[in-house]
Structure formats: C-alpha cells, structure tokens
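Trainee: Quick one: structure below, then a few questions.
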Amino acid sequence: MGASGPSAAQRRGRRAGGRGDPSSRGDGAASPASGWLAGARRVPSPNFDARPAGVAIDLLVVHHISLPPGRFSGDAIERLFTNRLDARAHPAFEPLRGLRVSAHFLIRRRGELLQFVDADARAWHAGASCFLGRERCNDFSIGVELEGDGAHRFTEAQYRRLRRLVAALRARHPLRWIAGHGDIAPGRKSDPGPCFDWARVLAAPEVAGLERPF
C-alpha cells in the first residue's frame with residue numbers, strides 16, 4: 001500500500017467482502033514495477049535473492065506449514081520467515097534455530113493472504129529440488145504456503161484465496177506448471193499432503209491450463 005491509503009475501489013471491495021472472510025477480497029494486480037500484490041498484507045522477509053538472469057517463472061509450488069505443528073494461530077510463521085522466531089518459545093522451534101527460509105505467499109486458515117517476498121525475486125522455499133529434470137526449483141518458481149499440517153482438511157477460504165492468487169500471478173508471470181513440495185522433493189518433503197484436493201484446484205477456471213505432471 002502507498003502512503004495515500006486505500007483507494008475508493010478498495011474500500012468498496014472491503015465493504016462488499018465483509019471483514020469476516022478475507023478470502024472474499026480480490027488479490028488485485030501486481031505493481032507494474034514489482035511483484036508485490038496489492039491485495040496481500042506485506043511482511044517483508046530478508047530471506048531472498050535475485051533469480052538467474054532471463055529465467056522464466058513458470059512453476060507454482062504449493063506447501064503447507066503450521067507452527068507449532070498442528071496449531072493454526074499466532075505469528076510464529078511470520079517470525080520464522082523474518083528471522084525473528086524465538087527457538088526457546090516452544091520445543092518444536094528448537095530444530096528451526098538459525099534456519100533462513102521464506103515463501104512468496106502464505107494463505108492462512110481464514111483466507112488472509114500474506115506476502116513475504118516480491119514474486120519477481122527468488123524466495124527460499126523449495127530447498128534441494130528437481131522438476132522435470134530441472135534442479136534448483138527456487139530459480140523458476142513461486143512458493144505458496146497454506147497454513148495446515150497435512151492431517152486436517154484445508155478450508156474453503158484457503159481454496160478461494162489460492163484460486164484468486166493464481167489468477168493474479170498469471171497476469172504477470174508465464175506460469176505453466178503447478179506442483180506440491182513433495183512432488184519436487186520426494187522422500188524429503190510430503191506437503192501439501194493427502195488432505196489437499198488437487199482435483200478441485202486443477203478444475204478451477206483460474207487454474208485452467210496449468211499442468212501437474214505427477
């Protein structure tokens with residue numbers, strides 16, 4: 001958001017969508033000068049760098065995350081992606097001490113969209129990975145975290161927000177593929193897990209044309 005605050009159109013959209021369902025608000029387009037989406041809450045992460053020159057951003061990677069595991073509240077995910085997580089605050093945080101990771105986006109359980117890294121830049125979400133013979137998936141992908149743990153169904157609000165996010169990203173980037181973290185790092189990762197409804201996502205009009213070759 002700029003210093004001038006929300007536009008009249010944005011204020012009308014907020015009234016129409018209601019405060020109770022963040023996923024009902026449109027994501028808006030990215031700024032022509034950057035890959036920050038107008039409809040996302042910005043939480044800038046220092047954990048990013050430049051993509052290789054000339055790379056086409058053609059892959060969307062879906063993850064899940066919850067901190068502590070199985071807990072869907074609080075600001076621990078934001079703290080992890082901004083290097084402010086106190087490893088002493090919960091036993092599950094100790095293995096994350098000193099970890100430097102990020103994703104471009106996080107979709108929370110009620111559909112709120114957070115953005116940590118400019119979509120034009122390289123977030124550190126995939127780690128050691130390979131997609132159709134191409135390694136280093138961070139180079140050419142956008143990472144989207146869904147708040148979840150692999151044992152619970154994702155929410156209606158999350159699916160709605162994901163569809164709208166895909167539509168907004170396709171307006172700027174030549175996305176062709178969609179995959180889970182477990183698809184590109186098998187044996188090491190399994191997210192978004194069995195509770196993620198791939199058939200539903202792939203059937204959505206906003207996702208039409210994207211392929212998941214797994």
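Trainee: Which number comes out as Rg/Rh for the chain once both Rg and the Kirkwood Rh are worked out on C-alpha atoms?
Mentor: Using Cα coordinates only, the ratio equals 0.94.
Trainee: With all protein chains present, how much of the accessible area of the chain (probe radius 1.4 Å) comes from carbon and sulfur, to the nearest whole percent?
Mentor: 53 percent
Trainee: Only helical DSSP H runs with n ≥ 4 go in: add -39500 (n - 2.57) per run for the chain, normalise by residue count and round the 222 nm mean residue ellipticity to 500 deg cm²/dmol.
Mentor: After summing the helix terms and dividing by the residues of the chain, the value is -5000 deg cm²/dmol.
Trainee: Rounded to the nearest 5, what is the percent of antiparallel bridges among the DSSP beta bridges in the chain?
Mentor: If we restrict to bridges inside the chain, about 30 percent are antiparallel.
Trainee: Okay, next question. In whole angstrom, and with the biggest value first, how far do the Cα coordinates of the range 121-168 range along each principal axis?
Mentor: Ordered largest first, the range 121-168 gives principal extents of 33, 28, 19 Å.
Trainee: Next up: Can you check what the net charge comes to around Gly98, using other residues whose Cβ is under 14 Å from the Cβ of Gly98 (Lys, Arg +1; Asp, Glu -1)?
Mentor: Local net charge: +3.
Trainee: Okay, next question. Give me the accessible area per residue for the chain, probe 1.4 Å, as a whole number in Å².
Mentor: Normalised by residue count, the accessible surface of the chain is 48 Å².
Trainee: Continuing with the same structure: Give me the distance between the Cα centres of the range 152-208 and the range 39-98, rounded to whole Å.
Mentor: Distance between centres, Cα-based: 17 Å.
Trainee: Kindly write out, for the range 113-128 in residue order, the coupling ³J(HN,Hα) from the Karplus curve 6.51 cos²θ - 1.76 cosθ + 1.60 (θ = phi - 60°), rounded to whole Hz, with x marking Gly and Pro.
Mentor: Listing the rounded values in order: 9, 10, 10, 9, 9, 3, 5, 6, 9, 9, 7, 9, 10, 8, x, 4 Hz.
Trainee: Can you give the percent of C-alpha pairs in the range 82-130 whose distance is more than 17 Å?
Mentor: Here the tail beyond 17 Å accounts for 51 percent of pairs.
Trainee: Would you mind counting up the charge near His63? Only other residues with Cβ under 12 Å from its Cβ, with Lys and Arg at +1 and Asp and Glu at -1.
Mentor: After counting each charged neighbour, the total is -4.
Trainee: By what distance, in whole Å, do the Cα atoms of the range 117-210 stretch along each of the three principal axes, largest value first?
Mentor: 32, 32, 23
The values are calculated or read from the model by the stated rules, or taken from the named source; none is laboratory data. These figures come from a predicted structure and were not determined experimentally. No Cβ is skipped: glycine too gets one built from the backbone with ideal geometry, and neighbour counts run over all protein chains shown. Heads up: the accessible areas ignore ligands, DNA and RNA and are worked out on the full protein's heavy atoms, side chains in. Shrake-Rupley method; radii C 1.70, N 1.55, O 1.52, S 1.80 Å.
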